[in-house]
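The values are calculated or read from the model by the stated rules, or taken from the named source; none is laboratory data. Bear in mind that the values here come from a model prediction, so they are computed numbers and not experimental data. Don't worry about glycine lacking a Cβ; one is built from the backbone with ideal geometry, like all the others, and counts go over all protein chains shown.
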Amino acid sequence: MKYTRITALAAIGVAATLSLTACGSDGSAKDSSSENSSSSSAPSSDGGSKSEGGSGSGGSAVSDAKSGPGEGAGARSDAANGETETGGKVTFCKTANLAIDAMDAAPDAESGRIDITMINRGSTTCSATGFAGVDIKDADGTSNPIERGQAQPRVTILKPGDAAVFNLAYDIDNTGGSLASPTNIQVTPPNETHTVSLKWPAGAGEIKGAYTDVEVYPTHTTN
């Protein structure tokens with residue numbers, strides 16, 4: 001009987017040990033399962049928020065913002081380098097670097113034309129593209145702005161020593177009754193603010209009508 005009781009107690013102890021081991025195994029499995037579940041759900045949660053337009057759309061916006069200023073900086077860099085529609089990376093000619101002169105170039109007795117030549121006396125290439133500003137000063141002291149003629153500007157790039165020319169055109173009054181008495185031509189080169197005053201060419205035909213009938217045409221090279 002004593003042996004039987006010991007055997008029974010041993011069996012109970014083994015059963016208890018197995019029960020505790022089983023409980024520990026279940027707990028460990030649950031912890032492991034919980035950790036695995038947490039680890040796999042984290043990317044899903046992040047991915048879900050991006051696809052819903054939260055941090056995902058924010059990340060895209062940041063990326064776009066980074067690329068945006070880069071492109072803008074490139075455009076500003078080109079502008080700073082003097083990139084112009086004239087096709088050359090040059091600045092506009094300065095009045096101080098131009099030798100300017102006016103001469104009578106009438107093709108016949110009916111058509112008046114004054115050629116105004118600008119020579120680049122600077123040390124760098126420059127652009128004289130466009131319309132010069134022109135006023136004609138009369139003997140009575142008044143200054144009269146000249147209107148632009150119907151013509152498109154031509155690319156006019158001047159290397160040192162090169163010349164550009166533009167024209168004033170008008171009809172000649174051969175009656176001797178012209179009311180215009182021009183004394184000076186005030187010229188402001190294209191895209192400049194400094195003006196030079198030239199003498200009205202001697203021998204040029206008298207202006208028919210008023211100064212509003214005179215037109216200025218854009219610059220072009222003499223080549």
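Observations on the model:
- Residue in the stretch 190-197 that is in contact with a strand residue (DSSP E or B) (Cβ under 6 Å, 6 or more places away or on another chain), closer than 16 Å to ARG121 by Cα and either in the same structural domain as GLU215 (by TED's automatic domain parsing) or outside any loop (DSSP other than H, G, I, E, B) (or both) present: yes
- Subset of the stretch 112-157 that is part of a loop (DSSP other than H, G, I, E, B) and of a type in the set (Lys, Arg) - its residue that is nearest to TYR217 (Cα to Cα): ARG154
- In the stretch 158-185, of all residues being β-branched (Val, Ile, Thr) and part of a strand (DSSP E or B), the one that is nearest to ILE207 (Cα to Cα) corresponds to ILE172.
- Conditions (1) touching a helix residue (DSSP H, G or I) at 6+ places or on another chain (Cβ under 7 Å); (2) within 15 Å of ALA102 (Cα to Cα): number failed by ASP135: (1)
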